[in-house]
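Taking it in order: structure first as structure tokens, then the write-up.
Bear in mind these aren't lab numbers, they're just calculated from the coordinates by the rules spelled out. Treat the numbers as computed from the prediction; the structure is a model and nothing was measured. No Cβ is skipped: glycine too gets one built from the backbone with ideal geometry, and neighbour counts run over all protein chains shown.
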Number of protein chains: 2
Amino acid sequence: MGTESGRNTTGAGPRTGAASVRARPADVLVLGGGLIGLVTAWRAAQRGLRTEVVDPAPGGGAARVAAGMLAAVTELHHGEEALLRLNLRSAARYPAFVEELAEAGGRDVGHRTSGTLAVALDADDRAQLRELHALQLRHGLESEWLTGRECRRLEPMLAPSVRGGLRVDGDHQVDPRRLAAALVAACGRAGVAFVRSSAARLSVVRDRAVGAVLDDGTERRADRTVLATGSYSGALAGVPDALRPPVRPVKGQVVRLRVPPAHGPFLSRTVRAVVRGGAVYLVPRADGELVVGASSEELGWDTTVTAGGVYELLRDAHELVPGVTELPLAETGAGLRPATPDNAPLLGPSGLPGLHLATGHHRNGVLLTPVTGDAMGELLATGELPAYARPFSADRFGAGGSDAGGSAGGAPGDDPRRTTRQEAL
Amino acid sequence: MGTESGRNTTGAGPRTGAASVRARPADVLVLGGGLIGLVTAWRAAQRGLRTEVVDPAPGGGAARVAAGMLAAVTELHHGEEALLRLNLRSAARYPAFVEELAEAGGRDVGHRTSGTLAVALDADDRAQLRELHALQLRHGLESEWLTGRECRRLEPMLAPSVRGGLRVDGDHQVDPRRLAAALVAACGRAGVAFVRSSAARLSVVRDRAVGAVLDDGTERRADRTVLATGSYSGALAGVPDALRPPVRPVKGQVVRLRVPPAHGPFLSRTVRAVVRGGAVYLVPRADGELVVGASSEELGWDTTVTAGGVYELLRDAHELVPGVTELPLAETGAGLRPATPDNAPLLGPSGLPGLHLATGHHRNGVLLTPVTGDAMGELLATGELPAYARPFSADRFGAGGSDAGGSAGGAPGDDPRRTTRQEAL
């Protein structure tokens, strides 16, 4: 088992610089070093808590694949008003968050405020987009209806068949890989210790979580344990069945193209649409990367990149922006969204003393990173979840949660072979 | 400059085991270590000639990308009867060749004799396939017409839309990567020395080729120099313009899928078709690899894998065999075919004393590897090209050849942006 830290604080009090051999349990043990686990650990360490993160490869996970859209407005769905409020809060937090993180992590995170254009290719899509626009306006959100011609004036690479769209200048983007790298660096500098292993089982003593046994058989003890293992959050041994978080994996396949520097402008903002019932988006980075996503498949923990996944993404992207066929294909990948029954995250107490949840962020993990850090930092430092995060506590799914979770409790390896595309923007 | 050899024979006579510092020029200097250069060197060394191969990465080149179809019969084209004879000779040589090479190279080369099925998806394709069948029969080739139902009985994964096809049991396959690796090993064992560099300029003294200056500025001298640099053969400095071989690069993009072992049989033989005017083939290897090819693009020496190239291959493969969408996508790649004005290779004397050609094999490089080795070995050992190879000497294109070559003389980096798909089987 390897541990490493910007300052060697493991079990030896913060900022003493002394190496240690688990003389004392940590204050906080975060299971999972994705964006959510990292931001939680960073905020905890900033509050003076001795914090450890357990992950074989911190900064990996869904952040390696995600496109990084900060799409509070274009991802709005009927019946998700509570989630909208949290998304908007986090979107509003982003500028200050990335400024603080770039400083703390010593690197740029690719935050780009060039906006989003959601377009429609046929009459059905347009009707659906009109409904979304009405919903946005009812919630007081900024979103402007454009004709097809106006869309193409904004983004000349769009297909002639584009029949209208929504201009949402407030939906931005960030590069999740850079974000994760900056969080790893910021954690290290704040004294977080990284334990490069996986949690095999939650340690429970007298009905209280006290840490975790790792894959290598060693145990890490802590006063508070945070479950932040994304799509695997429902599968940790040792969590009482009734309290198991109702999180299931939703696979997303993504293709990364490159706009050669000689090519000149290709897209100036994120472009998205629903094509044949599936959502497709193109997210152009400042460095020339163009991310095309994403499938939405319920296949258990499978992360295979398939011929069909890549084919459908390229087909739909080509229909939206025909010129993509000229671009070099740089990379393909698949990740797992940690989905919950209501598409909103699980934040705060789990029902088992000593165990907290920071998981279930589904499509909004990148967007919700700042506010999750705020809420979890406050909870871990004070014992109180802030009011804005309380609608997202685990108890909203009844006594446990697994009953409400459908397939959430399935074991890794389950493969129901149900495939769907995202049915709405 | 690194040299390496199974036996250190460089410049010191064959099989003495003595190291050397270019005490004597080699008998044969082969420029290019692709399949054609390697088989030429192997055969030369077997004849007792001191042989060197110049290549930064022997066994690379188009062999890394090619599907390895041995398709003398299904690749038949009107007006290419001379090439057909050479292709058939090489196809007939294959079983003995792979047996000898597997022994000499100490490894299997993935030779698979399970045959080929060329199918048609619509009435136009069927008419075209009927014409091909008639042409095949006129040449006395074995090819059986099947109804759509019969095609699907043979290959149950075929689309219901398949309307007929040609069963050609004599068109086999080999794995070009394994073939190249076996040739590298066989060369090493036969005493060929590898010079890991590139030829920058042909050395010419008193109107005779005497070797080449390499990228690192050193020179290798030899009694006979063989130009076998594939699609770059027309671009070597120092070759008199009038004698420059009329070879141009034709880009091919290829996708490699995998059939998981649990999947069971997918395709039992090579399946090919013309879809929307473009040729598509699926070549199933015994080890589960399924190669899907190939675009045919005239873009100079560009080897970028593009979104459009991958999209069209997957689209056409899906139309032919819908089940491919389920398969994992393992790899994408692009290679360059060395094309000539008549699609046939250039073998033997170049018109410049001391310089021989073994290049221009276009789509048939893998198929023609055995017979090219035979012919070049004979030429280098005896000075006489065998009769069956004489129709493929460079003088068939007139005084020089570059005039007949169209864009053949263009410099690397030219990018005419002409894109076509193969217009026929």
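If each label sits 7 angstrom from Cα along the C-beta direction, how far apart, in nm, is residue B:217 from its counterparts in the other copies?
Relative to the other copies, residue B:217 has label-point distances of 6.0 nm.
Treat the count of other C-beta atoms within 10 Å as a stand-in for reagent exposure and order B:194, A:397 from fewest to most.
In increasing order of surrounding Cβ atoms, one gets A:397, B:194.
Suppose only helical runs count, i.e. DSSP H with n ≥ 4. What mean residue ellipticity at 222 nm does that imply for chain B under -39500 (n - 2.57) per run, divided by all residues and rounded to the nearest 500 deg cm²/dmol?
Taken over chain B, the calculation gives -8000 deg cm²/dmol.
Out of residues 5 or more away from residue A:204 or on other chains, whose amide H comes under 5 Å of its own, with H placed 1.01 Å from N in the peptide plane?
Distant-sequence amide H within range of residue A:204: A:210.
With Rg and the Kirkwood Rh both taken from Cα atoms, where does Rg over Rh land for the protein assembly as shown?
We get a ratio of 1.05 for the protein assembly as shown.
Could you let me know the centre-to-centre spacing of the stretch B:236-271 and the stretch A:312-339, using Cα atoms, in angstrom?
Rounded to whole Å, the Cα centres lie 24 Å apart.
Work out from phi, with θ = phi - 60° and the Karplus expression 6.51 cos²θ - 1.76 cosθ + 1.60, the ³J(HN,Hα) of each residue of the stretch A:230-236, listed in order in whole Hz, and give x for Gly and Pro.
Coupling constants for the stretch A:230-236: x, 5, 8, 4, x, 10, 6 Hz.
Take the Cα pairs of the stretch A:287-332, get the Kirkwood Rh, then feed it into Stokes-Einstein at 37 °C and 0.692 mPa s and tell me D in µm²/s.
On the way: Rh = 11.9 Å.
Answer from the Stokes-Einstein relation: 277 µm²/s.
May I ask you to report, in nm to one decimal and beginning with the shortest, the distances from residue B:57 to the same position in the other copies, taking label points 7 Å along Cα-to-Cβ?
When each copy's label point is compared with this one, the spacings are 2.3 nm.
Quantify how strongly other chains surround peptide A:321-327 by giving the mean number of their Cβ atoms within 10 Å of each of its Cβ atoms.
Values: counts 0, 1, 2, 4, 8, 7, 4.
Across A:321-327, the average partner-chain Cβ count within 10 Å equals 4.
Would you mind getting me the FRET efficiency between residue B:92 and residue B:208? Use the beta-carbon distance for r and R0 = 45 Å, nearest 0.05.
0.80
Counting only other chains, what is the mean number of Cβ atoms within 10 angstrom of the Cβ of each residue in peptide B:328-341?
Mean shielding count: 2.
Quick one: angle between helix B:81-105 and the longest Cα principal axis of chain B, in degrees between 0 and 90, rounded to 10, please.
Result, in degrees: 70.
Just to confirm the numbers: residue B:153, label point 7 angstrom along the Cα-Cβ line, distances to the other copies in nm, shortest first?
6.4
Could you tell me how many degrees, from 0 to 90 and to the nearest 10, lie between the Cα long axis of helix B:123-138 and the main elongation axis, the longest principal axis, of the Cα atoms of chain B?
Its long axis makes an angle of about 50 degrees.
Over all alpha-carbon pairs of the stretch A:283-403, lay out the pair-distance distribution in 5 Å bins, whole %, shortest bin first.
With a bin width of 5 Å, the distribution comes to 2, 9, 16, 16, 14, 12, 10, 9, 7, 4, 1, 0.
Please work out how much length the chain gains when fully extended from residue B:388 to residue B:189, using 0.36 nm per residue of separation minus the C-alpha to C-alpha distance, in nm with one decimal.
68.8 nm
I'd like the Karplus ³J(HN,Hα) series for the stretch B:202-213: coefficients 6.51, -1.76, 1.60, θ = phi - 60°, whole numbers in Hz, and an x wherever there's a Gly or Pro.
Running phi through 6.51 cos²θ - 1.76 cosθ + 1.60 with θ = phi - 60° gives 6, 8, 10, 10, 6, 6, 9, 6, 10, x, 8, 8 Hz.
Rg and Dmax of the stretch B:181-224, Cα atoms, in Å?
Rg and Dmax of the stretch B:181-224, Cα atoms, are 12.7, 38 Å.
To the nearest whole number, what is the average tally of beta carbon atoms from other chains within 10 Å of the beta carbons of peptide A:296-305?
Per residue, the number of nearby Cβ atoms from other chains is 1 on average.
If the only charges are +1 at each Lys and Arg Cβ and -1 at each Asp and Glu Cβ, what is the size of the charge dipole of the protein assembly as shown around the Cα centre, to the nearest 20 debye?
So the dipole magnitude of the protein assembly as shown works out to roughly 1240 debye.
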